[in-house]
Amino acid sequence: MKRFILLLAVLALLLTGCSSSGPAEGTLTAMDTYMSIRIWGEKRLLSEVSDMIYEMEGLFSVTDEGSEIYALNQNGTARVSPRTLDILEKAMTLSERTDGAFDPTVYPMVKAWGFTTGDYTIPESEVLAALSVGTEYIHTDGQIISLEEGVQLDLGGIAKGYTAQACIEMLDTCGIEAAILTLGGNVQTLGSKPNGEEWRIGIADPNAPSEAIVKLHFTGSMALVTSGGYQRYFEEGGIRYHHIIDPATGCPAETDLLSVTILTGDGTTADALSTALYVMGSDAALDFWRTSDDFEAVLILEDGSILATEGAAPLLYDCEFTTVSR
Ligand code: ADP
Ligand code: MG
């Protein structure tokens, strides 16, 4: 059974092909994470997908000195490609929708904690309070983006979801019947497997991330994105400081959640909302779900309980959970 479960954290190394009867399979490392691609269709599309992933990484990376986001952060203004403009506009819309819980301008805070370099420190509260964070500091004039003084972008909370969505759209346009992309904690499926088998996806156990705590079975196209404090963190004085920042405080979001998984048709939305709902905590996250109609969610709480919204509940297997209704 276990071998059929694709864990959200996939261990993989090199781009490889596979037999002609099954799907073409490839793996790569990009955007600081392991990724895997399975396509039921032309094998050459594997390299088109990986090229697209590398291209997006080259545009959106916050650390790559050749990226458009890097140029924007360095110079405060830049003329960007239609792709970068598109992701930025989507990020701003999702930031507004989540009342700033997801915020692409959080970079100065992420940097202050050392999450970009791995040189971790606990910043003084005055340092955090002085940082400019908020999408109102981003100005767009066609393809020219300008950031106000001190404002810097970090698309880490949305880039993988946006990339998966773009790759799935490309495969769909190419007439591919079925595909599954796993970009770190982001999984996105296209269509259904030709043999009629369901997609089987595991949500990582936040306390033992190589194990699945929840299994989801479904057919058809869907994006599933998990955010959790267990994915990147450091510890000091017995306290764990993780990489998902509450833009309202500048500190790692203190919530009753261990992880949030969003299920929806659009990878970009799934990624931004998984980060945002993690920041909100379970009560606000469920209120947000109740006023939305475009996603479902699985929440894993600190007390060990698992909550599934009513649209997600029928997909869950092999676990005890509580169904949340509207
Ligand atoms: P991951 O990228 O680890 O799978 P997320 O999608 O939740 O997980 O994104 C977390 C990343 O997004 C952080 O590493 C940081 O770069 C950035 N980030 C942190 N807090 C926020 C936030 N509140 N809004 C937007 N981006 C954030
Ligand atoms: Mg995210």
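Kindly state which strands (runs of 3 or more DSSP E) lie completely within the range 271-326 and contain at least 1 residues that are open to solvent by less than 40 Å² (accessible area, probe 1.4 Å), among the polar types (S, T, N, Q) and more than 12 Å from T98 (Cβ to Cβ).
So the answer is 306-309.
Under the condition of being away from ligand 1 (no atom under 16 Å from the Cβ) and either of a type in the set (K, R) or open to solvent by 40 Å² or more (accessible area, probe 1.4 Å) (or both), the residues counted in the range 147-175 number 8.
On inspection, D64 fails the criterion of being among the charged types (D, E, K, R), within 30 Å of T291 (Cα to Cα) and either assigned to a loop (DSSP other than H, G, I, E, B) or open to solvent by less than 20 Å² (accessible area, probe 1.4 Å) (or both).
Of a type outside the set (A, V, I, L, M), within 16 Å of ligand 1 (Cβ to nearest atom) and crowded, with 24+ Cβ neighbours inside 10 Å: is that true of Q231 in this structure? When the stated conditions are applied, Q231 does not pass them.
Selection of the range 91-107 for residues being open to solvent by less than 70 Å² (accessible area, probe 1.4 Å) and either free of Cβ contacts under 8 Å to residues at least 12 places away in the same chain or β-branched (V, I, T) (or both) yields T98, T105, V106.
Consider the range 108-137. How many of its residues are under 24 Å from the mean Cα position of the chain (by Cα) and either open to solvent by 20 Å² or more (accessible area, probe 1.4 Å) or away from ligand 2 (no atom under 16 Å from the Cβ) (or both)? Spell out how you get there, then give the answer.
At the first step, the residues of the range 108-137 found to be under 24 Å from the mean Cα position of the chain (by Cα) are 108-120, 132-137.
Now narrow it down to the ones that are either open to solvent by 20 Å² or more (accessible area, probe 1.4 Å) or away from ligand 2 (no atom under 16 Å from the Cβ) (or both): 108, 111-114, 116-120, 132-137.
Total satisfying the criteria: 16.
Inspect all residues belonging to the range 237-247 and state whether any of them is within 16 Å of ligand 2 (Cβ to nearest atom), farther than 19 Å from E96 by Cβ, open to solvent by 20 Å² or more (accessible area, probe 1.4 Å) and touching a residue at least 24 places away in the same chain (Cβ under 8 Å). Checked against the condition, which is being within 16 Å of ligand 2 (Cβ to nearest atom), farther than 19 Å from E96 by Cβ, open to solvent by 20 Å² or more (accessible area, probe 1.4 Å) and touching a residue at least 24 places away in the same chain (Cβ under 8 Å), the range 237-247 yields at least one hit. Among the residues of the range 185-205, those identified as within 16 Å of ligand 2 (Cβ to nearest atom) and open to solvent by less than 10 Å² (accessible area, probe 1.4 Å) are N186, V187, Q188, I203, A204. Scan the range 147-161 for residues that are under 22 Å from A130 (Cβ atoms), within 16 Å of ligand 2 (Cβ to nearest atom) and of a type in the set (D, E, K, R) and the total you get is 1. Does T268 satisfy the criteria of being assigned to a helix (DSSP H, G or I), open to solvent by less than 10 Å² (accessible area, probe 1.4 Å), out of contact with any Leu (no Cβ under 6 Å at 6 or more places or on another chain) and in contact (Cβ under 8 Å) with a residue 24 or more places away in the chain? Considered against the rule, which asks whether it is assigned to a helix (DSSP H, G or I), open to solvent by less than 10 Å² (accessible area, probe 1.4 Å), out of contact with any Leu (no Cβ under 6 Å at 6 or more places or on another chain) and in contact (Cβ under 8 Å) with a residue 24 or more places away in the chain, T268 comes out as yes. If you go through the range 248-258 and keep only what is open to solvent by less than 20 Å² (accessible area, probe 1.4 Å) and closer than 20 Å to P104 by Cα, you end up with G250, P252, A253.
The values are calculated or read from the model by the stated rules, or taken from the named source; none is laboratory data. This one's a predicted model, so the numbers in the text were calculated from it and none came from an experiment. Note that each Cβ is placed from the backbone with ideal geometry, even for glycine, and that neighbours are counted across all protein chains shown. Just the protein is used for accessible areas: all its heavy atoms, side chains included, with ligands, DNA and RNA removed. Shrake-Rupley method; radii C 1.70, N 1.55, O 1.52, S 1.80 Å.
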